[in-house]
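Novice: Dropping the structure in here first, questions after.
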Amino acid sequence: MRRSVAISLALASPRLSPACGCLSYMEDADADATSASTYDFVIAGGSWTAGIALAARLTENPDFKVLVIEGNEAIPGANFFLEGTLNLDWNFTTINQPTLNGRSILYTRGKCIGGSSVINFLQFNRGSSSVYDLWAKLGNVGWDWKSVLPYFKKYISYGQFTQPVDQFCYTSFYASAKNRPNFHVLTNTMVQQILLRKSGSTTQAYGVRYKSASGVIGTALASKELSCPPEPSRRRSFSCCPGSAPKPCLTSLTSRRLQDHPSFYVNVEVTSSLPTIGQLLSNPVTFATTFAQYASSHTGPLASNNGDTIGFQRFTDAQLQAMNATELIALGANWPNVEYLLLPAYNNPGFPNPPNATGNYVTVLCALVSPTSLGSVTISSTNINDPPVIDVNYLATATDQQVAVQGLKNAIAIAQSNAFQPIALGRDKVTPPTSVSTDAQMLDYVRNVMTTIWHASGTAAMLPQAQGGVVDSQLRVYGVQGLRIVDASVQPRITNQHVQAVVYMIAEKAAAFIKAKWEDDD
């Protein structure tokens, strides 16, 4: 579920929405070009799923020299069990959320080559055709369903996609490209600045300044283009430094278009005879044996993402009309409103301790996949080492609140369905308890348990600039030549499914744009 995608700190000039880099107008001499390394393309962020895919595609052309800069190591074979692990996760948290009864939530982002694809749930969904047709109607020619479908199909045949691997981005795109002589990676290195050159009315991105873990400062110049992932998983490399930024940037360092899929949980205690991942994790001996099996052969219970039973539901027009949810009705008949996902374990951030400490559980997750609430991301200080301020702002609209309540009712109904009867221990063994019965009580329960499924999107939206867009339909940052943003942040309206497949499609489209420009020019 966690995707490369995610919260995006995007460079827009002369306005910032917000900054994707520490911005400095520098003359060539100031950038110390004599000691800098020069590449055709510099991709600032290896813990950026789309970035690795983009680099792999560009280096298919042996004449393109590409540099990827990554703040951590190249670590294969991780998985979602490692979320919150310090050396693999940026360990972000949101600010306290008034709409979630004052709670702050963990905002996991992958920190290594491949980004959040290292610790995701391996969900690949394209989404409804209406998503991309809407993108096109919003002013993005070439992003309708028929136009993007070939790019969804293109990456499926890449590398080892069909193999039972932990993370596709590392084992396919990175593994296939890493030995190419024109593919270069700097690990344990943080980008400090995006270098911009001003000439009359034109602003050109021409390189980056970076700092290694050992303190070595260097400069990488891009003779053709620079690509960056404007998300807070790169907050050390891409937090804005207003002290050196041009003055127009200082007043608008916030994106208020953060979109995400919030989720909540219904927990069902089930018979002990049902094998679940929860049982496996609670038994050290069994887990050690199972983990060894997976490590040696990629087989056994851990070969599953343990969340592979999913379904999507669009409420009826009558239900949506009763909610006065005209915006959701307008999205069309094939745009779902909620997702249900079954997890063979107890999972409930609001109530981390199960009612029965030794019980066996199945969780029904419900997520809002047509959210109308918008959050924001901004900088917390002028220190590039400080994390961003993430305000997800879930349940800010009456529509989202009503959809959540109906989704909770439906999730409880699933837990009480005939299909569950052979394994469930009864309604009194379900969380929330039967005392949570009115709509107000259900909404309060949702506020207490809601969290993210890590699909943050939209903060560098591909929209006309007059509508607050940051990039155009070829992912070029408005007002800055030679700079593109390639990740989930460019979605003008978040897709109604998991976003990993969408991110790879965006990377494939970006590679096609770049190749078309520079292969023709060369």
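The values are calculated or read from the model by the stated rules, or taken from the named source; none is laboratory data. Since we're looking at a predicted model, the values are computed, not measured. All Cβ positions, even for glycine, are placed from backbone atoms using ideal geometry, and neighbour counts span all protein chains on display. These accessible areas exclude ligands, DNA and RNA; they are computed on the full protein's heavy atoms, side chains included. Shrake-Rupley method; radii C 1.70, N 1.55, O 1.52, S 1.80 Å.
Novice: Which members of the range 384-433 meet the condition of being part of a strand (DSSP E or B), within 23 Å of residue 310 (Cβ to Cβ) and out of contact with any helix residue (DSSP H, G or I) (no Cβ under 6 Å at 6 or more places or on another chain)?
Specialist: 424, 431
Novice: Out of curiosity, is residue 192 closer than 25 Å to residue 456 by Cβ, at pLDDT below 85, more than 21 Å from the chain's Cα centre (by Cα) and crowded, with 18+ Cβ neighbours inside 10 Å?
Specialist: It is true that residue 192 is closer than 25 Å to residue 456 by Cβ, at pLDDT below 85, more than 21 Å from the chain's Cα centre (by Cα) and crowded, with 18+ Cβ neighbours inside 10 Å.
Novice: Among the residues of the range 445-501, write down those that are among the polar types (S, T, N, Q) and either closer than 28 Å to residue 401 by Cβ or modelled with pLDDT under 90 (or both).
Specialist: 448, 451, 452, 457, 459, 467, 489, 491, 495, 496, 497, 500 - these are the residues of the range 445-501 that are among the polar types (S, T, N, Q) and either closer than 28 Å to residue 401 by Cβ or modelled with pLDDT under 90 (or both).
Novice: Which residue, of 432, 388, is within 30 Å of residue 192 (Cβ to Cβ), crowded, with 22+ Cβ neighbours inside 10 Å, in contact (Cβ under 8 Å) with a residue 12 or more places away in the chain and touching a Phe, Trp or Tyr at 6+ places or on another chain (Cβ under 8 Å)?
Specialist: The conditions single out 388.
Novice: State all residues of the range 479-508 that are assigned to a helix (DSSP H, G or I) and buried (at least 24 other Cβ atoms within 10 Å of the Cβ); if no residue qualifies, say none.
Specialist: Correct list: 488, 489, 490, 500, 502, 503, 504, 505, 506, 507.
Novice: Would you confirm whether or not the range 315-331 contains a residue that is modelled with pLDDT of 90 or more and touching a strand residue (DSSP E or B) at 6+ places or on another chain (Cβ under 6 Å)?
Specialist: For the range 315-331, residues modelled with pLDDT of 90 or more and touching a strand residue (DSSP E or B) at 6+ places or on another chain (Cβ under 6 Å): absent.
Novice: Which residues, counting only those in the range 218-245, are at pLDDT 90 or above and over 24 Å from the mean Cα position of the chain (by Cα)?
Specialist: Within the range 218-245, 218, 219, 220, 221, 222, 223, 224 qualify.
Novice: For residue 376, state whether it is open to solvent by 10 Å² or more (accessible area, probe 1.4 Å) and part of a strand (DSSP E or B).
Specialist: yes
Novice: Let me ask something else. Would you mind finding the one in 302, 258, 253 that is over 26 Å from residue 416 (Cβ atoms), surrounded by 19 or more Cβ atoms within 10 Å (Cβ to Cβ), among the hydrophobic types (A, V, I, L, M, F, W, C) and modelled with pLDDT of 90 or more?
Specialist: 258
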